[in-house]
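Peer 1: First, the structure itself, so that you have it in front of you.
Laboratory data are not the source of any read-out in this text; all were calculated from the coordinates shown. What you see is a predicted model; the values in this text were computed from it and never measured. Neighbour counts are summed over all protein chains in view; Cβ atoms, including those assigned to glycine, are modelled from backbone coordinates with ideal geometry.
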């Protein structure tokens, strides 16, 4: 089969490899589409200590079951995981072998490339918003990094829950992104952000900080008493300082959310929940900015490394 693989860090190659062989506990998926996440680029560059080599990278996928349990043969499936692409071969290949327990049906109203563009972003958005912060109807949420992939997913999930959304970023989400139509108020990310948000609402119930690092103190300053802050990144600064007295007087709750801790089988129940949101029309697929063939995957990685507003997909 054709695939991209790295045998040493920062040395991605387009290669021919043997077909994966299944046993009774695994299934073989013919990949139709796979997306590239910033974490895939970082993985190839050697920024994850647990990655084992040689390795096919890639976390998100959509495809068809071609070998495994009889009841699954021919089924359209999708998925993501923090093990595939790191300690197991990933999705940037024509085929992938995964545990049978990781099989989950793709939403029927999504194309393969739309489904492949959802995994990591919606998974970490769901973890932070629904599982950890437990955002509910009538509450408010401020999303730092609202214009990004995760921020857009959080926006959709929050609106589906019946919450008020304040978007924060250096520039507003593009007009053709689903999130742009759902944000109730937008505030530019700068030194006046906290004041400008409080001009709209006197403290929010939840802050989902998809930036972190340089935005951490801002996030703490936005929540009302008993507010919850979700952190998923550390942009620009790994170590942070904040006023501990203000923190405990406000009785703020702080959560870290890391989708990479969920293997492809563990992520299945969340992907099933997210899938129901797409099937019902609550969620809309994200904007796909670039499409590449597998043999052009190195160019696709370069596009993600340079930064894009929409998703980058490899179609097999």
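Peer 1: Using helices alone, what [θ] at 222 nm do you get for the chain, with -39,500 (n - 2.57) per DSSP H run of 4 or more residues, divided over all residues and rounded to the nearest 500? Walk me through the numbers on the way to the answer.
Peer 2: Values: 9 runs with 76 residues, N = 316.
Rounded to the nearest 500, the figure is -6500 deg cm²/dmol.
Peer 1: For the chain, take every pair of Cα atoms, bin their distances at 10 Å starting from 0, and report each bin as a whole percent.
Peer 2: Taking every Cα pair in the chain, the percentages come to 6, 28, 33, 22, 9, 2, 0.
Peer 1: Under a GNM of the chain (C-alpha, springs under 10 Å), which listed residue has the highest mean-square fluctuation: 249, 290, 112?
Peer 2: The residue with the greatest mean-square fluctuation here is 249.
Peer 1: May I have the pair-distance distribution P(r) for region 116-200, computed from all Cα-Cα distances with 5 Å bins from 0 and rounded to whole percent?
Peer 2: 3, 16, 27, 24, 19, 8, 1, 0
Peer 1: Under a 10 Å cutoff between Cα atoms, tell me which one of 103, 161, 244 has the largest fluctuation in the Gaussian network model of the chain.
Peer 2: Taking springs between Cα atoms under 10 Å, the residue moving most is 244.
Peer 1: Oh, and also: What do you get for Rg/Rh of region 1-72 when both radii come from the Cα atoms and Rh is the Kirkwood radius? Could the numbers behind the result be given before it?
Peer 2: Working: Rg = 13.7 Å, Rh = 13.7 Å.
Dividing the radius of gyration by the Kirkwood radius yields 1.01.
Peer 1: Nearest 5 percent is fine: what portion of the DSSP beta bridges confined to the chain is antiparallel?
Peer 2: 50 percent
Peer 1: With a 10 Å cut-off between alpha carbons and a GNM built on the chain, which of 63, 85, 277 moves the most?
Peer 2: Of the options given, 277 has the highest mean-square fluctuation.
Peer 1: Here's another thing I want to ask about it. What are the extents of the Cα atoms of region 201-285 along their three principal axes, listed from largest to smallest and rounded to whole Å?
Peer 2: 44, 29, 20
Peer 1: Please compute P(r) over all alpha-carbon pairs of region 121-259, binned at 5 Å starting from zero, and give each bin as a whole-number percent.
Peer 2: For region 121-259, the binned pair fractions read 2, 12, 23, 26, 22, 11, 3, 0, 0 percent.
Peer 1: Then there's this: What distance in nm lies between label points placed 7 Å from Cα along the C-beta direction at residue 244 and residue 269?
Peer 2: Roughly 3.6 nm, to one decimal.
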